[in-house]
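Following: one structure in structure tokens, then a few remarks.
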Amino acid sequence: MNTHFTRRDIAKAAAAATLASSGGTQAAAQTLPGTGAEPSKPTAREFPKDFFWGTATSSYQIEGAWNEDGKGPSIWDTFAHTPGKIVGGATGDVAVDHYHRYKEDVALMKDIGASAYRFSISWPRIFPNGTGQPNPKGLDFYSRLVDELKAANIEPFATLFHWDMPQALQDKGGGWQSRDTAKAFGDYAGYMADKLSDRIRHFFTLNELSTFVEHGHKNGLLAPGLKLPPGQLNQVRHHHVLGHGLAVQAIRAKGRPGTKVGPAEHLISTAPIIETAENIKAAANAMREFNAGYMTVMAEGKYTDAFLAKQGADAPKFTDEELKIIGSPIDFIGTNIYMIHAYVQAIDAAPGYKVVAGGGFTPPPFRPFPKGYPRAVYPGSNETIVFNLSPEAMYWGTRQLVNVWGAKEIFITESGMPTTDEGDAGGDVDRIVWLRTLLTQLQRATAEGVPVRGWFHWSTMDNLEWIFGFEPKFGLIRVDTKTLQRTPKLSAAWFRETARRNAVS
Ligand code: BGC
């Protein structure tokens, strides 16, 4: 092709551009995609029919009522009541008072156009001692919540464990250090499926296994605040995935026909730095290995050879029977996607891949992202926690689930961004621009046939962001920390319009 332009060509092009921008000729105007205020036609950027447009929360982060109606204490109650653990001394004692305001919250979700809601059930609200007698008032709360959602035409998705474990189980056997906790979790999961699967079709077993285990048991940053040596840590990992498997089996046994179940994991996600067949394969292999103790063993029913070799004498102790339980077939993979953790390139030497840049909250110490890489910081974290903005996380983070484990159904159980409070509900332009960028990549995946059934925005409303207290704002709905008044943000209007069009634009 001749790419050589003469001066005359350039002058001609410039004259045409001037005409077009000043109203120009009719011919020039016709080349524009739309006219006046008409939005662009979204047909090319549509999501599949019946796609779920959801928002998500978790019990400890929103409910409050920490000691009401027979609820037992959780490890997060204990942790937050320990001075110095949470920024600003915040606690979830009241959180954003959702326990008492759930009707208002469901009405707001309806207003912002959500067709699904992912919430978590507080285990100690149902079993105050972890096992034994259930607390009828606890069950009643979730039953009323589900009724309210159904009446608003919002599909309920329940997570059984989003980190607020009964303190009684921590006291008894060291929580997930004990195999008994996995068993107790399975029993609780079966109980919930028995009671609620008449109205709930989708259950998530455990939320972000890797974050909970690594930061709660390795570096003590999150509850229960332990710093275990490698051998014990591997046993906690193992009991956690075992709890998932036992819950899957119990839900199959006690749930109504058609009840679906899967995890809501935060995978260490990889992407090829340059899209070639070798790099794509290398990124898939890396993803399988980086998640060996969590998603890989849940999906495959075995630990990889490389994982066991690396752990050596500290490897978890397990039986073949346990591996079978852990690998119980699931209906979908739920995945929280916030960013790419490792950009990967193929190499000839073993293991066949290298990480050219990586980072995040949980991953191993990869070669870091360059200093100037665009990022969002967690308010309240003194810039120690950052999101490396990598929108292809949505594309590769879902496509690789099919490549690596043959996922048949996928839910994005969380994605969003921490922002600051601008003092009103109109300032979260950063959230809108970021979400639009992310969803463009998600739509790329669904358009290519990656079976993503729904997307849940984290979060429905501003809430207690764990150790960073109330400083990071993740909500589509602003919550005034003093008055607890709710106000939909500008991003909520964006969410409503996107859900209504079932398309990103
Ligand atoms: C967790 C949420 C958390 C969010 C933002 C995920 O790690 O599941 O509970 O609030 O990310 O940090």
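The values are calculated or read from the model by the stated rules, or taken from the named source; none is laboratory data. Quick caveat, the model's predicted, so the values are computed rather than measured. Backbone-built Cβ (ideal geometry, glycine too); neighbour counts: all protein chains shown.
Is it the case that T437 is among the polar types (S, T, N, Q) and away from the ligand (no atom under 14 Å from the Cβ)? Reasoning before the result, please.
Values: among the polar types (S, T, N, Q): yes; away from the ligand (no atom under 14 Å from the Cβ): yes.
The answer is yes for T437.
When you look at L476, is it surrounded by 24 or more Cβ atoms within 10 Å (Cβ to Cβ), touching a helix residue (DSSP H, G or I) at 6+ places or on another chain (Cβ under 9 Å), in contact (Cβ under 8 Å) with a residue 60 or more places away in the chain and not acidic (D, E), yes or no? Can you show your working first?
Details: surrounded by 24 or more Cβ atoms within 10 Å (Cβ to Cβ): yes; touching a helix residue (DSSP H, G or I) at 6+ places or on another chain (Cβ under 9 Å): yes; in contact (Cβ under 8 Å) with a residue 60 or more places away in the chain: yes; not acidic (D, E): yes.
Spelling it out, L476 is indeed surrounded by 24 or more Cβ atoms within 10 Å (Cβ to Cβ), touching a helix residue (DSSP H, G or I) at 6+ places or on another chain (Cβ under 9 Å), in contact (Cβ under 8 Å) with a residue 60 or more places away in the chain and not acidic (D, E).
Regarding the range 484-499, can at least one residue be identified that is of a type in the set (D, E, K, R) and within 16 Å of the ligand (Cβ to nearest atom)? Steps first, please.
Of the residues in the range 484-499, the ones of a type in the set (D, E, K, R) are 486, 489, 496-497.
Restricting the remaining residues to those that are within 16 Å of the ligand (Cβ to nearest atom) gives none.
The answer is no; no qualifying residue exists.
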Report task. Would you be able to say whether some residue in the range 77-99 is at pLDDT 95 or above, more than 16 Å from the ligand (Cβ to nearest atom), under 21 Å from R144 (Cα atoms) and in a helix (DSSP H, G or I)? Result -> yes
**Report entry** Residue identified as touching a residue at least 24 places away in the same chain (Cβ under 8 Å), surrounded by fewer than 21 Cβ atoms within 10 Å (Cβ to Cβ) and away from the ligand (no atom under 16 Å from the Cβ) among G186, G190, G220, G243
**Finding:** G190
Query raised in the report: Consider W455 against the criteria (1) farther than 30 Å from P329 by Cβ; (2) under 19 Å from the mean Cα position of the chain (by Cα); (3) within 16 Å of the ligand (Cβ to nearest atom): it satisfies all of them except one. Which criterion is unmet?
Result: (1)
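The rows are residues; the columns are (1) more than 16 Å from the ligand (Cβ to nearest atom); (2) of a type in the set (F, W, Y); (3) modelled with pLDDT of 95 or more.
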residue: D421; (1), (2), (3): no, no, no
residue: E448; (1), (2), (3): yes, no, yes
residue: I467; (1), (2), (3): no, no, yes
residue: F470; (1), (2), (3): no, yes, yes
residue: L476; (1), (2), (3): no, no, yes
Query raised in the report: When the range 370-419 is examined, which residues are found to be of a type in the set (S, T, Y), within 15 Å of the ligand (Cβ to nearest atom) and out of contact with any helix residue (DSSP H, G or I) (no Cβ under 8 Å at 6 or more places or on another chain)?
Result: T384, T413
Requested in this report: Could you please let me know if E383 is among the charged types (D, E, K, R), farther than 26 Å from W176 by Cα and surrounded by fewer than 19 Cβ atoms within 10 Å (Cβ to Cβ)?
Outcome: yes
Report task. Please list, ordered by first then second residue, the pairs with beta carbon atoms under 8 Å, 6 or more apart or interchain, first in the range 320-346 and in contact (Cβ under 8 Å) with a residue 60 or more places away in the chain, second part of a loop (DSSP other than H, G, I, E, B) and charged (D, E, K, R). Result -> G327/K302; D331/K408; D331/E409; F332/K408; F332/E409; I333/E409; N336/E208; I340/E392
Report summary line: By residue number, the members of the range 464-491 that are in contact with a strand residue (DSSP E or B) (Cβ under 7 Å, 6 or more places away or on another chain) and part of a loop (DSSP other than H, G, I, E, B) are F474, G475, L476, K489
Query - For T270: the one exception among (1) surrounded by 22 or more Cβ atoms within 10 Å (Cβ to Cβ); (2) within 16 Å of the ligand (Cβ to nearest atom) - result: (2)
